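**Q** Let me give you the structure first, and then I'll get to my questions.
What follows draws every value from the coordinates through simple rules; no lab data is involved. Here the structure is a predicted model, which means the values were calculated and not measured. Please note: Cβ atoms are built from the backbone with ideal geometry, for glycine as well, and neighbour counts cover all protein chains shown.
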Amino acid sequence: MKFQFFINMERLDAGEDMREIMRHTLDLVQMADRGGFDIVWAGEHHALEMTIAPDPFQLLTWWAEHTDRIRLGTAVVTAAYWHPVKLAGVAAMTDLISGGRLELGLGSGAYQREFDRMLPGVKQTDGWRYLQEMLPVLKALWEGDYAHDGEFWSFPATTSVPKPQQQPHPPFWVAARAPVTYDFAVQNGCNILSWPLTRSMAEAELYKARLEQALADNPPCQRPVFAMMRHTAVYEHKHEWEVPVRAVQRNLAQFENLFKNLGDVNEGFPIEIDLGDLEHREEFEPAMLHQNLMFGTPDEIIAKLQPYAALGVDCFTYYASLGLAHKEQRRSLELFIEEVMPAFR
């Protein structure tokens, strides 16, 4: 099993210095590079302090200049927010600048709030339709002159300038939960990014079953790389378990606000909703969070990861952004690199 690293620049309140957050983020990315992680991922979000990533390609270009070997991925570009000609050119330029290290993840978009501002009148639930039109257009633009007349975009014959260093194109990934997306990924040669949120191992097993069903329904297609992400925090002593749980509860109170469009955002900071008011509130109870998420001592983390390896997860994605203080984030990553990853080599 390989390991990937996902990090947001996250700002919890207006008193935090953005320059310090940038330094801390780059430090963790460089640690992941030196420590043997395969890919580092940057997201795309707009006008939200908890996930500061208005353009993931800017982040990847920045990280490319300060890392040596780790591959650089978008997790994910929201297809609906981009014109295909622009996305093809920006992605290709990033691939060139990074020396052919780009991994291009595409997605449908997470929050209706962002759609209301980036693409007013479009429902987030229709984002997958933009994704499905976007991907073949990118491939065609990287091959040469191409004219397009689609549902969402139309343009006369043009090509991507520049072309990516990787040929015929960088690896594609899609963020997948629904069966239709697993089918699309398998049919189009895309690797899978999955995230069971805070749910139990049964959710991970469900995603694996959807992948297997998609492969069974499309027998000529090859099996994609299957990655799975979890919030991760490693600590030295068992009694420290409440520290990441408290941090992630605050993070999830903001995330659930956005994910379900339940509350408001002030100056870029999402209001924290009461997790106890949600129908699925049991998913946020401290003991359940500690059990389901990748929280624990090194030995506990190794034991928690083994079922993912047995399930057939090719890559575990360490999700670092859960509101922990910088000191705890750095120590967690050190312990994961030094004591957890060697157990899976």
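**Q** For a quick check of your reading of the filter: which trypsin sites (Lys or Arg not before Pro) in segment 36-107 sit in a DSSP loop and have no more than 13 other Cβ atoms within 10 Å?
**A** Passing sites in segment 36-107 are Arg69.
**Q** Report the FRET efficiency, 1/(1 + (r/R0)^6), for Gln165 and Arg129, where r is their Cβ-Cβ distance and R0 is 30 Å, rounded to 0.05.
**A** Efficiency for this residue pair is about 0.50.
**Q** Count the lysine pairs in the chain whose Cα atoms sit under 14 Å apart, keeping only pairs 8 or more residues apart in sequence or on different chains.
**A** Lysine pair count for the chain: 4.
**Q** How about segment 272-345: which GluC sites (Glu not before Pro) there are in a DSSP loop, with at most 13 other Cβ atoms within 10 Å of their Cβ?
**A** Glu279
**Q** Follow-up question, since we're still on this one. GluC sites (Glu not before Pro) within segment 137-230: which are DSSP loop residues with at most 10 other Cβ atoms inside 10 Å?
**A** Glu151
**Q** Go ahead and set up a Gaussian network model of the chain, Cα springs under 10 Å, then flag whichever of Cys190, Cys221, Cys315 fluctuates most.
**A** With Cα springs under 10 Å in the chain, the top fluctuation among Cys190, Cys221, Cys315 is at Cys221.
**Q** Could you work out the equivalent-ellipsoid semi-axes for segment 208-255, taking the square root of 5 times each eigenvalue of the Cα gyration tensor, largest first, in whole Å?
**A** Each semi-axis is the square root of five times an eigenvalue, giving 37, 14, 8 Å.
**Q** Radius of gyration and Dmax for segment 204-294's Cα atoms, expressed in Å?
**A** Spelled out, the Cα radius of gyration and Dmax of segment 204-294 are 17.5, 51 Å.
**Q** At a temperature of 4 °C and a viscosity of 1.567 mPa s, determine how fast the chain diffuses translationally according to Stokes-Einstein, using the Kirkwood radius over alpha-carbon pairs as Rh; express D in µm²/s, rounded to the nearest whole number.
**A** The Stokes-Einstein estimate is 63 µm²/s.
**Q** Average the reciprocal distances over every distinct pair of alpha-carbons in segment 99-185, invert the result, and give the Kirkwood radius in Å.
**A** About 14.5 Å for segment 99-185.
**Q** For Glu279 and His66 in one chain, what is 0.36 nm times their gap in residues minus the Cα-Cα distance, to one decimal in nm?
**A** So the chain would gain 72.2 nm between Glu279 and His66.
**Q** Hey, can you list the DSSP H helices of the chain whose Cα span along the axis is 18 Å or longer and whose average Kyte-Doolittle score is at least -0.5?
**A** For the chain, where a helix must reach 18 Å along its axis and average at least -0.5, the hits are 18-35, 84-97, 127-143, 201-217, 242-259, 298-311.
**Q** How far is the Cα center of segment 193-225 from the Cα center of segment 307-345, in Å?
**A** 21
**Q** Sum up the charges of everything whose Cβ sits under 14 Å from the Cβ of Leu252, counting Lys and Arg as +1 and Asp and Glu as -1, but leave Leu252 out.
**A** Once positives and negatives cancel, what remains is -2.
**Q** Let me ask something additional. Return P(r) of segment 126-233 (all Cα-Cα pairs; 10 Å bins starting at 0; whole %; ordered from short to long distances).
**A** Reading upward from the zero bin: 13, 37, 32, 15, 3.
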